[in-house]
1. Can you tell me which of GLU97, GLU42, GLU37 is in the same structural domain as ARG142 (by TED's automatic domain parsing) and among the charged types (D, E, K, R)?
2. Could you check segment 136-158 and list, in sequence order, the residues that are farther than 30 Å from GLY76 by Cβ and not charged (D, E, K, R)?
3. From the list LEU73, LEU80, which one is more than 13 Å from the ligand (Cβ to nearest atom) and touching a residue at least 60 places away in the same chain (Cβ under 8 Å)?
4. Please verify whether segment 159-172 includes one or more residues that are surrounded by fewer than 17 Cβ atoms within 10 Å (Cβ to Cβ) and at pLDDT 95 or above.
5. In segment 91-98, is there at least one residue being at pLDDT 95 or above and under 19 Å from GLY8 (Cβ atoms)?
6. Take the residues in segment 18-38 that are in a helix (DSSP H, G or I) and within 12 Å of the ligand (Cβ to nearest atom); name whichever of them is nearest to LEU7 (Cα to Cα).
7. For segment 157-174, how many residues are touching an Asp or Glu at 6+ places or on another chain (Cβ under 9 Å) and free of Cβ contacts under 8 Å to residues at least 60 places away in the same chain?
8. Within segment 50-67, which residues are touching a Phe, Trp or Tyr at 6+ places or on another chain (Cβ under 7 Å) and more than 6 Å from the ligand (Cβ to nearest atom)?
Amino acid sequence: MILHDNLGSGNAYKVRLLLSHLGRSFKRIDYDVTKGETRTPEFLALNPDGRIPLLQFPDGRVLTQSNAIMSYLAQGTAYLPGEAFAQAQVLQWMFFEQYSHEPNIAVARYWLHFLGPNKIERTQLEEKWQKGYQALAVMEQRLGTADFLVDGGYSIADIALYAYTHVADEAEMELDDYPGIRRWLDRVAEQPRHVLITQEDFDAA
Ligand SMILES: N[C@@H](CCC(=O)N[C@@H](CS)C(=O)NCC(=O)O)C(=O)O
């Protein structure tokens, strides 16, 4: 398998982290998204949406969208419950991540950490922060009293939301008022075969 990747991307990190948990071997190709490297004719032929992560299988098939890739890889594993309602709860958090969390926290992080503060309008940034904190408050409601997002244990819902929450400081957001989230971040980082977002080398199991 080839993961079309970018080490700074939380969306791509989700796939790397799950592949590491599963002990699956893969090759990485890194794209500099700040330089438009996913917008070349060659890459657009693979993904007309021009974005990583993209997972390419040995038979040539490709999958895009971090959470769809994780849902596929996690089928039949401990990272996605088999029971229908629990599985839908995992999806519920993953859709929440894509609608209410990632568009705010990941975008603020991209603007501040990768583009630089001079490139953005303060009012736009403040809106991202406000909506980002709203998303964190939703997570805190659950994680204030539960170990993981869905009953039954660590799942791809946790991976999806960990990806950008654990680097919220790079979006200049603080987690001081979210003790449940902070405890959960430690719990996620303690899972077997956890890797860092910056980690380039992976061992297969
Ligand atoms: N919803 C997609 C978002 C993917 C996405 O936004 N990827 C960014 C990096 S995090 C990208 O490739 N940006 C390059 C571009 O838009 O040109 C997912 O979850 O995979």
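1. Values: GLU42 fails: in the same structural domain as ARG142 (by TED's automatic domain parsing); GLU37 fails: in the same structural domain as ARG142 (by TED's automatic domain parsing).
One residue alone meets the criteria, GLU97.
2. Within segment 136-158, the subset farther than 30 Å from GLY76 by Cβ is 136-137, 140-141, 144.
LEU136, ALA137, GLN141, GLY144, listed by residue number.
3. Details: LEU73 fails: touching a residue at least 60 places away in the same chain (Cβ under 8 Å).
Checking each option against the conditions leaves just LEU80.
4. Pass one, segment 159-172, residues surrounded by fewer than 17 Cβ atoms within 10 Å (Cβ to Cβ): 169, 172.
Right, trim to at pLDDT 95 or above and you get 169, 172.
Checked segment 159-172: at least one residue is surrounded by fewer than 17 Cβ atoms within 10 Å (Cβ to Cβ) and at pLDDT 95 or above.
5. Residues of segment 91-98 that are at pLDDT 95 or above, as a first pass: 91-98.
From what's left, under 19 Å from GLY8 (Cβ atoms): 97-98.
Scanning segment 91-98 turns up at least one residue that is at pLDDT 95 or above and under 19 Å from GLY8 (Cβ atoms).
6. So the first thing to find is which residues in segment 18-38 are in a helix (DSSP H, G or I), and the list is 18-22, 33-35.
If we keep only those that are within 12 Å of the ligand (Cβ to nearest atom) as well, we get 33-35.
Details: VAL33: 10, THR34: 12, LYS35: 14 Å.
Only one residue fits best here, namely VAL33.
7. Kept after step one, since they are touching an Asp or Glu at 6+ places or on another chain (Cβ under 9 Å), are these residues of segment 157-174: 157, 160-161, 163-164, 168.
When the remaining residues are screened for being free of Cβ contacts under 8 Å to residues at least 60 places away in the same chain, the result is none.
Total satisfying the criteria: 0.
8. From segment 50-67, those touching a Phe, Trp or Tyr at 6+ places or on another chain (Cβ under 7 Å) are 50, 52, 63; that's our starting set.
LEU63 - this is the single residue of segment 50-67 that is touching a Phe, Trp or Tyr at 6+ places or on another chain (Cβ under 7 Å) and more than 6 Å from the ligand (Cβ to nearest atom).
The values are calculated or read from the model by the stated rules, or taken from the named source; none is laboratory data. Quick caveat, the model's predicted, so the values are computed rather than measured. Glycine also receives a Cβ, built like all others from the backbone with ideal geometry; neighbour counts cover every protein chain displayed.
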